[in-house]
Structures are given as structure tokens and as C-alpha cells.
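Here's the structure we're looking at; comments come further down.
The values are calculated or read from the model by the stated rules, or taken from the named source; none is laboratory data. Note that the structure is a prediction, hence the values are computed from the model and not measured. Glycine also receives a Cβ, built like all others from the backbone with ideal geometry; neighbour counts cover every protein chain displayed.
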Ligand code: TRP
């Protein structure tokens, strides 16, 4: 008899290749993905099929997919430990996506807040893909029988509909899909805009000083933090009405591991200027190895290609099993 290994739980997550991660994407999500690799069986995917629900320039799109892949590796995702792949390189996603379209109700898709928001934002291109985005995302997750999906608040509705679709399919054909749970990593920090600290940090912010990109060089990082909005007090203390300082403390804590109390004592009697410089320096120091690794990887396209090809193969080895089961149950001839 085979030795039964204690099976780790599996995780699948996807990220759209829409440009360099912000410090918010990084501290809120991607930074926590690296330590998860030892605890779980992880698969990380560049969701490029999802990205064409918005028009993309071909040359830029190709670069962004590769760049996003390299960024994941630079942030500590290890292709030896995890499956790191590009969604469009595993055709099973598109195929199961279509199948699940037929098990997803028009009414359910109409109620998705992301669809409503995005169609309001791009009234000139409300395409069918934007509408059926959730069934493709359900396919991403269900193909791998993922136990857990790390999601931010904006994606919980997508996870909910994934469970609905899976439950419906299981109800008709018998147990086929595992129902995934959301997973909130312990250390996820919500990072706000440096210019308007009640708003989430976003790369689409018009004010370039509002947002740190993880490939920003030291000079840029320090300058942006110097301009960060604070308050009229003079106390580095976490508290109500101190959104700017709270945000800077959250960032400083995330990159140094210091607690809020430790930070307050470190800057007791010092001005906000000193504090903002310290945060800027600490963030720049933290980002330096990521930036260096990214440059190294982007200069070695052959290595990157070997990683994503291997990732797609590993991914399809798993997804094939689920897809075949699904096709057979529905009655397709295999
Ligand atoms: N919709 C997700 C986002 O925009 C990206 C995504 C696509 C995803 N497929 C996924 C996330 C599967 C988790 C699991 O952020």
C-alpha cells in the first residue's frame, strides 16, 4: 500500500497583468503569497484572459504579461515550490469557462457589482466577456479543486458565485467540484493613498505622488513619502482622525515588522518630517532586492520562458483531470 502523505490544502490565486504592482497590491496581497508556499500547495496565475475584457494594445499587453510574471517571481514566488503559470497557456480555462457559462444564470451575472461598475466606467465596450467574467473565474478556481482562494473584499462576490456554480453542477451530476473557501492571510495590510489617505492606494490615481509602484527607485520612493499627507498634530500615534499617519505607520510596520507601539516610541519627540523620511527609506530598502531581481529576470527571457512553459504543463496536468470528468458527466464523447 502507498504511504498516505498528510495532504496540504491547495490554494489558487490569480492576478491581472495590468502593470506594475502598487505598494498596496504588494503589502496587501503578493507579499503574503511567498510564505504561504510552504504551508499550502499553491498555484499562481497571470489572469491574461480576464484582462481582454478591456481593450489591450497587443505590444504592451505582451510585455505586461511577461513583466507581471517576472514580478511574481521577484516577490518571492518560487516556481520550484508553486505552480506559476499564464492562464491563456492552459486552454482548459477557456473550455471549462464556456461549459460553466451554461450553468450560470443571466440573473446571477446581472447582479455582480463588478460588472455594474465596469460597464458604467466603459459604456463604449460592455462586451459579453465582461458579463461572463465570473464563470471564467469560477473555472480558474474549480479546475484545480482549490481548497482556498486568497481574496480581497472586491472579489468575495466572485468567490460566492463560484460556490453557487459548483454547487449547482454537483447537484445535477454528483460530486465533481470542491467548493472553495476564501482565505484571508494573517498579515494582509490595507494601504491607502499617500495623498488622500481615506482612499485605497491605486495606480490609476491622477496624482502621481499618491501611489508607490514596487519598481520605483529609492529617490522616487523617498520623495513621494516626503509629500505624504499627515495631520495637524505632531504625534506619531495610531488613532482616530489620523488617517495619514495611520497609513504611514501601517506601511512602516509591514516593511520593518515593528509594532505600532514600537513605532510610536521610536518617533517620540520627533517631527513628521523625520518619520516620513524613515518610512521612505525603509520602503525603498525593502523594495530594492525586488527591483534588482526583476531586472535580472527580465534580462533572462530564456529562463522566464522555461518557468512559464513548465508552469503551464504542471497546471494542465491537474486541470485536465477535472475537465475530463466534467465533459464525461455532461455526456460529451471523449
Ligand atoms: N478577478 C481577479 C482580480 O481581478 C483575478 C482573478 C482571475 C482571480 N481569476 C482568478 C483571482 C482566480 C483569484 C482566483 O483581481
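Taking helices (runs of 4 or more DSSP H) as the structural unit, those lying wholly within the range 13-81 and holding at least 2 residues that are more than 16 Å from the ligand (Cβ to nearest atom) and assigned by TED's automatic domain parsing to the domain that holds residue 136 correspond to 31-39, 58-74.
Just need a number here: residues in the range 151-175 that are at negative phi, assigned to a loop (DSSP other than H, G, I, E, B) and more than 15 Å from the ligand (Cβ to nearest atom). It would help to see each step written out before you state the result.
Just the residues of the range 151-175 that are at negative phi, to begin with: 151-173, 175.
Next cut, assigned to a loop (DSSP other than H, G, I, E, B) only: 151-152, 175.
Next, only the ones that are more than 15 Å from the ligand (Cβ to nearest atom) stay: 175.
Qualifying residue count for the region: 1.
Taking the conditions exactly as written (within 27 Å of residue 255 (Cα to Cα) and touching a residue at least 12 places away in the same chain (Cβ under 8 Å)), does residue 109 satisfy them or not? Judged against the criteria, residue 109 is not a match. Of the residues making up the range 139-150, those that are in contact (Cβ under 8 Å) with a residue 60 or more places away in the chain and part of a helix (DSSP H, G or I) number 4.
Which residue out of 58, 35 is over 28 Å from residue 127 (Cβ atoms) and out of contact with any strand residue (DSSP E or B) (no Cβ under 6 Å at 6 or more places or on another chain)? First the steps, then the outcome.
Details: 58 fails: over 28 Å from residue 127 (Cβ atoms).
Selected residue: 35, the only one of 58, 35 that is over 28 Å from residue 127 (Cβ atoms) and out of contact with any strand residue (DSSP E or B) (no Cβ under 6 Å at 6 or more places or on another chain).
Considering each of 294, 238, 303, 252 in turn, give the residue that is at pLDDT 95 or above and farther than 24 Å from residue 210 by Cα. Even if it seems obvious, please write down each step before you answer.
Numbers: 294 fails: farther than 24 Å from residue 210 by Cα; 238 fails: farther than 24 Å from residue 210 by Cα; 252 fails: farther than 24 Å from residue 210 by Cα.
None of the other options fit; the residue is 303.
Take residue 145 and tell me if it is in contact with a strand residue (DSSP E or B) (Cβ under 9 Å, 6 or more places away or on another chain), away from the ligand (no atom under 12 Å from the Cβ) and at pLDDT 95 or above. Yes: the conditions hold for residue 145.
Can you tell which of 277, 319 is farther than 30 Å from residue 146 by Cβ and either touching a residue at least 24 places away in the same chain (Cβ under 8 Å) or assigned by TED's automatic domain parsing to the domain that holds residue 45 (or both)? Let's see the steps before the verdict.
On the way: 319 fails: farther than 30 Å from residue 146 by Cβ.
Exactly one of 277, 319 is farther than 30 Å from residue 146 by Cβ and either touching a residue at least 24 places away in the same chain (Cβ under 8 Å) or assigned by TED's automatic domain parsing to the domain that holds residue 45 (or both), namely 277.
Checking each residue in the range 209-226 for being without any contact (Cβ under 8 Å) to a residue 40 or more places away in the chain and within 14 Å of residue 27 (Cβ to Cβ) picks out no residue at all.
Would you tally the residues in the range 190-212 being crowded, with 19+ Cβ neighbours inside 10 Å and under 22 Å from the mean Cα position of the chain (by Cα)?
If we filter the range 190-212 for residues that are crowded, with 19+ Cβ neighbours inside 10 Å, which is where we start, we get 191-195, 197, 201, 210-212.
Keeping just the survivors that are under 22 Å from the mean Cα position of the chain (by Cα) gives 191-194, 197, 201, 210-212.
Result for the range 190-212: 9.
Here residue 115 passes the criteria (1) touching a strand residue (DSSP E or B) at 6+ places or on another chain (Cβ under 8 Å); (2) buried (at least 18 other Cβ atoms within 10 Å of the Cβ) except the one numbered (1).
Inside the range 228-238, residues that are closer than 21 Å to residue 199 by Cβ and surrounded by 14 or more Cβ atoms within 10 Å (Cβ to Cβ) make up a count of 5.
Which of the residues spanning the range 121-137 are near the ligand (Cβ under 10 Å from one of its atoms) and in contact (Cβ under 8 Å) with a residue 40 or more places away in the chain?
133, 136, 137 - these are the residues of the range 121-137 that are near the ligand (Cβ under 10 Å from one of its atoms) and in contact (Cβ under 8 Å) with a residue 40 or more places away in the chain.
Filtered by the rule that a residue be more than 15 Å from the ligand (Cβ to nearest atom) and touching a helix residue (DSSP H, G or I) at 6+ places or on another chain (Cβ under 9 Å), the range 106-115 gives 106, 108, 110, 111.
From the list 103, 133, exactly one residue is outside any helix (DSSP H, G or I) and either touching a strand residue (DSSP E or B) at 6+ places or on another chain (Cβ under 6 Å) or modelled with pLDDT of 95 or more (or both). Which is it? Working first, answer last.
Numbers: 133 fails: outside any helix (DSSP H, G or I).
Exactly one residue qualifies, and that residue is 103.
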